[in-house]
1. Return yes when E34 is within 24 Å of A84 (Cα to Cα) and in contact with a Pro (Cβ under 7 Å, 6 or more places away or on another chain) and no when it is not.
2. Taking the condition touching a residue at least 12 places away in the same chain (Cβ under 8 Å) and not in a helix (DSSP H, G or I), does G16 pass?
3. Out of the residues in segment 31-57 that are more than 22 Å from R93 (Cβ to Cβ) and among the charged types (D, E, K, R), state the one that is surrounded by the most Cβ atoms within 10 Å (Cβ to Cβ).
Amino acid sequence: MDTSFDRLRTVLLRQGEPDRVPLGDIGIHQMIKEGFLGRPIRSIADDVEFFATAGYDHYPVEQGLQLAEAIRGKAMHTVRAAYAVESSEMQERQWAT
């Protein structure tokens, strides 16, 4: 799939209509990315490769606010569950409330 940050920029800056709706996401679990690539993700380059290969028009960058203790303590809670259909491995994920 053709990827282009210009497509997303066109939408965000309201500079016309892109050739298609930009594809994006703010977060994808490591297990899904590794399954898609068929190998472990060990570097930022591997992570960027996933987003480009999967057809995303941007690479999500976190600002770190969700890591601030004041925010985590008041707005986040941890859930432990088996999220993957193909695995019974228990994982912890954090969700904003």
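Every read-out reported here was derived from the displayed coordinates using simple, explicitly stated rules and does not represent laboratory data. Computed from a predicted structure; not experimentally measured. Backbone-built Cβ (ideal geometry, glycine too); neighbour counts: all protein chains shown.
1. When the stated conditions are applied, E34 passes them.
2. no
3. D57
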